[in-house]
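The values are calculated or read from the model by the stated rules, or taken from the named source; none is laboratory data. Computed from a predicted model, the values in this text were never measured in an experiment. Cβ coordinates were reconstructed from backbone atoms using ideal geometry, including for glycine residues, and neighbour counts include every protein chain displayed. What goes into the accessible areas is simple: the full protein's heavy atoms, side chains included, and nothing from ligands, DNA or RNA. Shrake-Rupley method; radii C 1.70, N 1.55, O 1.52, S 1.80 Å.
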Amino acid sequence: MEKFVVKGGKPLKGEVCISGAKNAAVAILPAVLLADEPCTIENLPDISDVATILRAMKILGANVRLINKTTVEIDPSHVNSFVVSKEMAEGMRASSYFLGALIGRMGRARVAPPGGCDFGVRPIDQHIKGFEALGATVTIENGMVEARSKKLSGSSIYLDVVSVGATINIMLAATKVKGLTIIENAAREPHIVDLANFLNSMGANIMGAGTSVIKIRGVDYLKGTDYSIIPDQIEAGTYMVAAAATGGDVKVTNVTPKHLESIIAKLRDAGAVIEEGDEYVRVSMKGRPKACKVKTMPHPGFPTDMQPQMATLLAIAEGTSIITEGVWDSRFRYVEQLTFMGADIQVDGKMAVISGVKTLNPAPVKAVDLRAGAAMIIAGLIADGVTEIEEIDHIDRGYENVVEKFSNLGADIKRIRVNNAPEYLKQA
Ligand code: EPU
């Protein structure tokens, strides 16, 4: 078992380069199963969720060749299995994308139900509604989601909730299905546009990605492509908030500033100074942040995946902030950990009231999920002293080289094996 040991109290300074987007990568890799020729995917983040998907693709029969740490060539032509077992999916949320991709490739899929971060109930009824509209029969048997179809055809699907996963899964299932599929009330996240661009670069005919109506005209053949994944909006946002929370000055490079608009706006409300370049943002902050109100919403609203990091910044703001969670039923499990560090936060259902304190105190805490883990790192960087963070495998699912990247900004953060703690921890 490993944990992070963070010695905080120092402002972050310098430059950090953002990796490819996790949530685009975990959709684009399964999408390669639809291709009729090999594809090369570049700017893949080196994170455990990507490793899990590549391993599953190999087991399905794809020929996966790593060209370097961030580039992979995949030849799906020999894939003939439609089963993604629980062991292959290893609890990741994106396993559900194998449903859409395998339905699209073979008209059949049997996939372990998605796991991933625990935000309460994570239904897939809208995914199933989409597959059924295309003509598939979907059942849940022996703990596996099974989809079969004799013949699929294009259809209109209105999503009852704006769902990233359902939008992506229906796009995957429909790309090679005869006729016109229309997804209404579609999600508009940058990774949905990235998936459409990837599929279109192979010859798919997808229009409207990035708006709430996506039209997919089915094609028979998808040629190989060489495609580079967009930068990770949430990784960028995490370093931006960390810079502000430590009173630092950080240039965050290899980003698409347009994808960061809602995060930039909220950080400015909180008193950060932000300079925007073509492919970078520079964030600095002097003194304590200002309290503000944040409501998470589907894109282009403030992302729910930045909610724990923003709450950590606002925990040391002057005044009282309110965060309203507008996407998940239960995304405040991390708050208890922040209170161990002296934060004053009251949660009532989907709302958190944060009474700013001067600073946070070091404490042993846990990463209860991926973004909660990022928030614990930021909290540790604020607190003057040694904070230990356990259960960091959540963080490794989605942040590439997190220790190296924060260290390059002057942070004192180390990954240690639990039975190999440094002397000062053994004495504590
Ligand atoms: N929902 C339904 N029915 C469905 C699907 C979703 O009711 O069939 C509800 C959910 O319960 C939730 C809302 O719709 O209340 C939005 O869920 P969505 O389907 O958009 O989420 P997801 O596709 O499971 C992705 C990201 C999450 C991110 C959400 C929201 C991936 C792999 N995951 O999840 O990212 O929080 O969109 O933006 O893309 C993360 O990266 O840390 C992460 C958890």
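Taken over the range 96-123, the criterion of being at pLDDT 95 or above and within 11 Å of the ligand (Cβ to nearest atom) is satisfied by 97 alone. Put simply, of 396, 384 the only residue that is surrounded by fewer than 22 Cβ atoms within 10 Å (Cβ to Cβ) and within 14 Å of the ligand (Cβ to nearest atom) is 396. Which number in (1) farther than 13 Å from residue 18 by Cβ; (2) within 17 Å of the chain's Cα centre (by Cα); (3) crowded, with 21+ Cβ neighbours inside 10 Å marks the one condition that residue 272 misses? The one condition residue 272 does not meet is (2). In summary, residue 48 fulfils each of the numbered conditions (1) out of contact with any helix residue (DSSP H, G or I) (no Cβ under 6 Å at 6 or more places or on another chain); (2) surrounded by fewer than 21 Cβ atoms within 10 Å (Cβ to Cβ) with the single exception of condition (1). Being outside any loop (DSSP other than H, G, I, E, B) and within 15 Å of the ligand (Cβ to nearest atom), is that true of even one residue in the range 279-286? No, there is no match, as no residue in the range 279-286 is outside any loop (DSSP other than H, G, I, E, B) and within 15 Å of the ligand (Cβ to nearest atom). Residue 352 meets all of the listed conditions (1) open to solvent by 10 Å² or more (accessible area, probe 1.4 Å); (2) away from the ligand (no atom under 16 Å from the Cβ) but one, namely (1). Only one of the numbered conditions (1) open to solvent by 10 Å² or more (accessible area, probe 1.4 Å); (2) over 20 Å from residue 32 (Cβ atoms) is violated by residue 183, and that is (1). Just one of (1) touching a helix residue (DSSP H, G or I) at 6+ places or on another chain (Cβ under 8 Å); (2) of a type in the set (Gly, Ala, Ser); (3) in the same structural domain as residue 191 (by TED's automatic domain parsing); (4) open to solvent by 10 Å² or more (accessible area, probe 1.4 Å) fails for residue 61. It is (1). Return yes when residue 130 is modelled with pLDDT of 95 or more, within 16 Å of the ligand (Cβ to nearest atom), closer than 24 Å to residue 202 by Cα and of a type in the set (Gly, Ala, Ser) and no when it is not. When the stated conditions are applied, residue 130 passes them. In this structure, is residue 172 of a type outside the set (Val, Ile, Thr), in contact with a helix residue (DSSP H, G or I) (Cβ under 8 Å, 6 or more places away or on another chain) and crowded, with 23+ Cβ neighbours inside 10 Å? The answer is yes for residue 172. Determine whether the range 78-95 contains at least one residue that is open to solvent by 20 Å² or more (accessible area, probe 1.4 Å), more than 25 Å from residue 197 (Cβ to Cβ), in contact (Cβ under 8 Å) with a residue 24 or more places away in the chain and under 16 Å from the mean Cα position of the chain (by Cα). Yes; the residues of the range 78-95 include at least one that is open to solvent by 20 Å² or more (accessible area, probe 1.4 Å), more than 25 Å from residue 197 (Cβ to Cβ), in contact (Cβ under 8 Å) with a residue 24 or more places away in the chain and under 16 Å from the mean Cα position of the chain (by Cα). Within the range 323-341, is there a residue that is buried (at least 23 other Cβ atoms within 10 Å of the Cβ) and small (Gly, Ala, Ser)? Scanning the range 323-341 turns up no residue that is buried (at least 23 other Cβ atoms within 10 Å of the Cβ) and small (Gly, Ala, Ser). Applying the set (1) within 16 Å of the ligand (Cβ to nearest atom); (2) in contact (Cβ under 8 Å) with a residue 24 or more places away in the chain; (3) open to solvent by less than 50 Å² (accessible area, probe 1.4 Å) to residue 249 leaves exactly one unmet item: (1).
With surrounded by fewer than 22 Cβ atoms within 10 Å (Cβ to Cβ) and more than 15 Å from the ligand (Cβ to nearest atom) as the only criterion, which of 34, 54 stands out? Criteria check complete, one pass: 54.
Taking first residues from the range 352-363 that are closer than 18 Å to residue 376 by Cβ and assigned by TED's automatic domain parsing to the domain that holds residue 376 and partners that are open to solvent by 30 Å² or more (accessible area, probe 1.4 Å) and of a type in the set (A, V, I, L, M, F, W, C), the Cβ contacts under 6 Å between residues at least 6 apart in sequence or on separate chains come to 362/386; 363/340.
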